[in-house]
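Step one of this worksheet: look at the structure below.
The values are calculated or read from the model by the stated rules, or taken from the named source; none is laboratory data. Nothing here was measured: the structure is a model prediction, and the numbers come from that model. Using ideal geometry, Cβ is built from the backbone for each residue, glycine included, and neighbour counts are taken over all protein chains shown.
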Amino acid sequence: MRSSCSSRPRRSLSYVHEDARLPDSGEGSASSRGVGAVIDMGAFAPLEYRLRRALNLREDLLRGIYAYNFEKPSAIQQRAIIPIMRGRDVIAQAQSGTGKTATFAISALQSIDLNIRETQVLVLSPTRELAVQIQTVVLALGDYMNVSCHACIGGTSVGEDIRKLEAGQQVVSGTPGRVFDMIRRRNLRTKDIKMLILDESDELLNKGFKDQIYDIYRYLPPATQVVIVSATLPHDVLEMTTKFMTDPIRILVKRDELTLEGIKQFFVAVEKEDWKFDTLCDLYDTLTITQAVIFCNTRRKVDWLTEKMREANFTVSSMHGEMVQKERDAIMAEFRGGQSRVLITTDVWARGIDVQQVSLVINYDLPSSRENYLHRIGRSGRFGRKGVAINFVTIEDVRILRDIEQYYSTQIDEMPMNITDLA
């Protein structure tokens, strides 16, 4: 696929204060507008003055926010930051690519006592790559705070984890298995933890991780604040939260509002599984896309498709959970840096990973769950950009596609003949 250049746009960030008036804005009180005073980042008083007055954010955190180029508000940031900062348990749902990570990162950083060199915030994620990405955001926003944050993930050196944790890490971002191992070894000390954040919480509370999450929770202080975040929160997951959350504030999105408007969704009827490869080659030759992610349902299919594409002289990279962590890290670095432009992967890449240049997602296989469909297509169209999702649909897949349409009250049209205009 041919590369197209685009400048890096500014990210979303906003704040809502239930009690605040904007200085000299004439906008009236929060109660007169119903949902709280939204601090418009581009109007009225100087930005630094307004943020300090409305939120009482620490100065060093403000500097990190400015340096990270936050500018435009997103709905989840408007609604969730204040309740989290006030110590409430929060269930926060928002579309993919709308700034959920910054929402909890800023709230967490504001709560940290920099004089205590112990873990105070624990963030759990379902994949290693997402845990590392969260660490990167926390360190960037907390750059002027000199905050310590360690990614505690499987596939890396246990000795290095022990060394880092013994030195004291104020924020730990990790995967459940390695985090629980470090807690059991008593290298990750939990006595000062005040906030537990579950990112992609529906996946973490699924049967694969649920027992580990409960095991970790039992080691935390009784008063630990719990924040759960995801684009998809099925009813059974919401019911589960009653076991470890106290009177949580719920910020939920209707199912028919979950799909991002900026992502165009199409399907290609391929009738037979064997026809998918030729269809992919035709698309690969035709579309002008910055970067793309191709999803398959199994690791074996990822390896097979990667080999077939390379045999056909197409440049692709691939990643799945059976690869060693060093190899996964190298592939991620290449893809983020733009050296690799097409990534073939499993659902290990479906959740939370943010590569802003991705403008196309191809579901070579339709996902096995409706929730993962939403997470997959959300890898494109990040932070308000335009994106395209193309689904390869065999005769056997039609029922799954219709179920996705009905569940999210969306329409997935057949891909037009003139596909060069999609990007």
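Couple of notes before you dig in:
Per-residue answers, yes or no, for (1) in the same structural domain as Asp192 (by TED's automatic domain parsing); (2) out of contact with any Cys (no Cβ under 7 Å at 6 or more places or on another chain); (3) over 23 Å from Thr224 (Cα atoms):
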| position | (1), (2), (3) |
| --- | --- |
| Ser111 | yes, yes, no |
| Leu122 | yes, yes, no |
| Val138 | yes, no, no |
| Tyr144 | yes, yes, yes |
| Gly155 | yes, yes, yes |
| Ile162 | yes, yes, yes |
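- Yes/no for Met332 being of a type in the set (A, V, I, L, M) and more than 22 Å from the chain's Cα centre (by Cα): no
- Residue within the stretch 376-390 that is over 22 Å from the mean Cα position of the chain (by Cα) and either surrounded by fewer than 19 Cβ atoms within 10 Å (Cβ to Cβ) or under 17 Å from Phe267 (Cβ atoms) (or both) present: no
- Considering residues of the stretch 144-157 that are under 21 Å from the mean Cα position of the chain (by Cα) and of a type outside the set (Gly, Ala, Ser) only, the residue surrounded by the fewest Cβ atoms within 10 Å (Cβ to Cβ): Ile153
- Any chance Gly174 is in contact with a Ser or Thr (Cβ under 7 Å, 6 or more places away or on another chain), among the small types (Gly, Ala, Ser) and assigned by TED's automatic domain parsing to the domain that holds Ile82: no
- Counting the residues of the stretch 330-363 that are touching a residue at least 40 places away in the same chain (Cβ under 8 Å) and assigned to a helix (DSSP H, G or I) gives 5.
- Some residue of the stretch 58-72 being at positive phi, modelled with pLDDT under 90 and surrounded by fewer than 22 Cβ atoms within 10 Å (Cβ to Cβ): yes
- Of all residues in the stretch 268-282, those that are among the hydroxyl-bearing types (Ser, Thr, Tyr) have Cβ atoms under 8 Å from Cβ atoms of residues that are part of a strand (DSSP E or B), 6 or more apart or on another chain, in Thr279/Val268; Thr279/Val270; Thr279/Phe392.
- Residue match in the stretch 185-193 (condition: closer than 16 Å to Ile216 by Cα and acidic (Asp, Glu)): yes
- Matching residues, the stretch 147-172, being farther than 21 Å from Leu196 by Cα and of a type in the set (Lys, Arg): Arg163
- Among the residues of the stretch 92-99, some residue qualifies, meaning at least one is within 26 Å of Arg58 (Cα to Cα) and either in contact with a Ser or Thr (Cβ under 6 Å, 6 or more places away or on another chain) or charged (D, E, K, R) (or both).
- Considering residues of the stretch 83-100 that are modelled with pLDDT of 90 or more and among the β-branched types (Val, Ile, Thr) only, the residue surrounded by the fewest Cβ atoms within 10 Å (Cβ to Cβ): Ile91
- Residue ranges of helices (runs of 4 or more DSSP H) in the stretch 104-197 with at least 2 members touching a residue at least 12 places away in the same chain (Cβ under 8 Å) and more than 22 Å from Ala92 (Cβ to Cβ): 158-167, 176-184
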